[in-house]
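**Q** Structure below; questions to follow.
Derivation of every value follows stated rules applied to the coordinates shown; laboratory data play no part. Since the model is a prediction, treat every value here as computed from it, not as a measurement. Note that each Cβ is placed from the backbone with ideal geometry, even for glycine, and that neighbours are counted across all protein chains shown.
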Amino acid sequence: MYCVRCGDLIEKDELICDKCGLRFTVVNNDGSTVYINQSPIKPATPMETVQPNVKAKPKKKKKFRFGWIIALASVAVFLFICFAGIAALGSGILLGILLFSDDSEPVVVSNPTEVNSPGNVPAVTYENPNQEDQSEYFSNVIREPFTEIKGDGTDTVTVMIYMNGSDLESQYGCATSDLKEMLNATLSDNVNVVIQTGGTKKWKTDGISNKHSQRFLVNNGQLELIDDSLGQLDITDENTLKDFIVFCRDNYPANRNILIFWNHGGGVVYGYGVDENLNDAYAALTLDEIQRATKDAGVKFELIGFDACLMGGLETACVLCDVADYLVVSEDFEPGEGWEYQNWLSLLGYNSSTSMTDVGKVIVDDFVRESMSQDSEGILALIDLRYTRLLYSTWTEFAYSNETDLLAHDYSMEMHRSDRAMEKMFKDVNRDIWDWISDDYTMETYCYAVDIMALASTMDTEESKALETVLKSAVLYCSSTAGDSYLTGLSVTLPYGDNEFFSELEGIFNKCGFDSKYITFLEKFVDAGYSGSYDWENSDFNGWDSYYDDSYYYDWNDYDWNDYDWDSFYDSEYDWDDYNYDWYDYYYNDDLWYFDDTGSGYYY
């Protein structure tokens, strides 16, 4: 074997290239991958050897001489000058790596930046141990995957990065940091990474325009400008998203398609994205807009991922389950740097037939390691969207049967904000004394997210067992830092005591096609007479650590499949006249149609 980066011969049992330090991936004959880590790492700093039971010899006291002060001062000045020169030279090299000379010239990465190994493994990791055994019960309600992998490295992959820079780029350079990771990836001719930029007032790279949106292709360690004709697009407009997907579909066709949303996230109500170039600070891509854009673009995705906060909701899975096989999302806030891109892109570059389960594990693990390296909390999960309809059905059955208990307490989880949080979510009127003292907000009363598995654990019913079992099949892989170990990968939104929040929720959920019975159920939480917040801190729930015992699995032989409704998302008998919305959703023959109640009729 030879190193994919420098070509140096790799001995049979070696896992690191002696020449360039690249770790590599072992691929089995069947195309499955054993992930090692493709990040080149810096040699570890030798640790000081401590000799036990050997006393240090006392040092002789030396006389104080002023000559040493002069000498040391001279050395310090000399070292400072050298350091400043090296820093300036290093900055110039780094800037040369990042910057374009002009809009048409690509950026060349001649010396890829090393990615340091974060060290410790993630604190809490869950890998679905029995999905195959459990899935035999679900075969009648789980569709086949949209994407069929050919194998033997013959698959073609198009990765679409919808990069909304916003203040994360203009203030912190987070997008530039992730672009460097993408450029450092080792790709092949079978893998295309296409990036659409926009949404920020200032890019940290001069070659990316601040005045208009652009499209780039990652090509041999370079950012190649492939479309400079877009103008200043509103990146929170669903048509901007749809047009980007269609562009990638038409110009970079592939049998495996991946779509990544990069920016802020505000949960299932506030949605994704903040465009700094807009006067409307509240503009965002809401779930219904994302649903329409992805469906109208006519692409079936193997994976959709949100490199954004708080998008890890069941509701997100519901609106995307008809266009994608897998979902990678975070229940909590993400640290500013977000995902790590070099390794999982290199994994596909090395073998374009690598299973999405293996790719997803790399995304999840690297994200948690990067969170730990930044001393931030984090959680990320890989979700199998084929289970979404069954999961929604078991969730609503659980929720309806335990309505009284759910309304008795505010079950919202507490999560601390990060740089990736949308400012509009945090209203001073809702801040309590502890928020003011610590200058920190929690999510306990801001987006009303509740971990589904945690909620199910508070009840001991047949419905809760069924819900837990489906969750364990739907969540393929989940990992978190120690601080987020109480989360398991997917949340639901329950709008406790917030009529304004519910009003926004109601409009969005109606447009997404959620049935009226469920929306009416959620409205009850606005006026619920709950007695304070649920004490999660002193509960018995321990996240995934509580669920490795097979006794928690539900006996599906007792489940009445006659009650399962494939169309449970959509209520065809709903009386739209009860609501005053301008636009309504209408589903017909699996296509999405809209009705204009001003008299224009239906249109696709």
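**Q** So if we plug the beta-carbon distance of N279 and S539 into 1/(1 + (r/R0)^6) with R0 = 45 Å, what FRET efficiency do we get, rounded to 0.05?
**A** Computed FRET efficiency for N279 and S539: 0.50.
**Q** Determine, for each peptide in 227-235, 157-165, 356-364, 250-258, the mean count of other beta carbons within 10 angstrom over its residues, then list the peptides with the highest first.
**A** 157-165, 356-364, 250-258, 227-235
**Q** Out of region 188-219, which trypsin sites (Lys or Arg not before Pro) are coil in DSSP terms and have no more than 16 other C-beta atoms within 10 Å? Kindly include the intermediate steps, with their values, before the conclusion.
**A** Numbers: sites: K201, K202, K204, K211, R215; in loops: K201, K202, K204, K211.
In loop regions of region 188-219 (DSSP not H, G, I, E or B), the sparsely surrounded trypsin sites (Lys or Arg not before Pro) are K201, K202, K211.
**Q** For a footprinting-style exposure proxy, rank Y448, Y477 by other Cβ within 10 Å, fewest first. Spell out each step's value before the answer.
**A** Numbers: Y448 27, Y477 23.
By the 10 Å Cβ count, ascending: Y477, Y448.
**Q** Would you grab the residues whose amide H sits under 5 Å from the one on V193? Only those 5+ places off in sequence or on another chain, please, with H modelled 1.01 Å from N.
**A** V159, V218
**Q** Can you run phi through the Karplus equation (6.51, -1.76, 1.60; θ = phi - 60°) for region 181-197 and list ³J(HN,Hα) in whole Hz, with x for Gly and Pro?
**A** These are the phi-based 3J(HN,Hα) values: 5, 5, 5, 7, 5, 8, 9, 10, 5, 7, 10, 10, 10, 10, 10, 10, 9 Hz.
**Q** Here is a follow-up. Would you kindly calculate the translational diffusion coefficient of region 143-573, applying Stokes-Einstein with the Kirkwood radius from alpha carbon pairs, for 37 °C and a viscosity of 0.692 mPa s, and quote it in µm² s⁻¹ without decimals?
**A** Value of D from the Cα-based Kirkwood radius: 149 µm²/s.
**Q** Quick check on my link table: of K150/K211; K204/K472; K201/K524; K211/K361; K204/K361; K150/K204, which ones sit more than 32 Å apart, alpha carbon to alpha carbon?
**A** Violating the 32 Å limit, Cα to Cα: K150/K211; K204/K472; K201/K524; K211/K361; K150/K204.
**Q** If I model a spin label at K211 and D405 as a point 7 Å from the Cα along the Cα→Cβ vector, what separation in nanometres do I get?
**A** In this crude label model, K211 to D405 measures out at 6.2 nm.
**Q** What order do you get for 502-508, 308-314, 219-225 when each peptide is scored by the mean count of other beta carbon atoms within 10 Å, highest first?
**A** Answer by packing, highest mean first, reads 308-314, 502-508, 219-225.
**Q** Using the alpha carbon gyration tensor of region 142-298, what are the three equivalent-ellipsoid semi-axes (square root of 5 times each eigenvalue), largest first, in whole Å? Walk me through the intermediate numbers first.
**A** On the way: eigenvalues 128, 84, 36 Å².
Over the Cα atoms of region 142-298, the semi-axes work out to 25, 20, 13 Å.
**Q** Determine the sum of side-chain charges near N277: Lys and Arg each +1, Asp and Glu each -1, restricted to other residues whose C-beta is under 13 angstrom from that of N277. Let's see the in-between values first.
**A** Working: positive: K201, K202, K211; negative: D167, E169, D234, D237, D275, E276, D280.
Summing Lys and Arg as +1 and Asp and Glu as -1 gives -4.
**Q** Quick one: if you stick a label point 7 Å off each Cα along the C-beta vector at S188 and D375, how many nm between them?
**A** Once both label points are built, they end up 4.2 nm from each other.
**Q** If we count other beta carbons within 10 Å of each Cβ, what is the order of W344, W203, fewest first?
**A** Sorted ascending by nearby Cβ count, the order is W203, W344.
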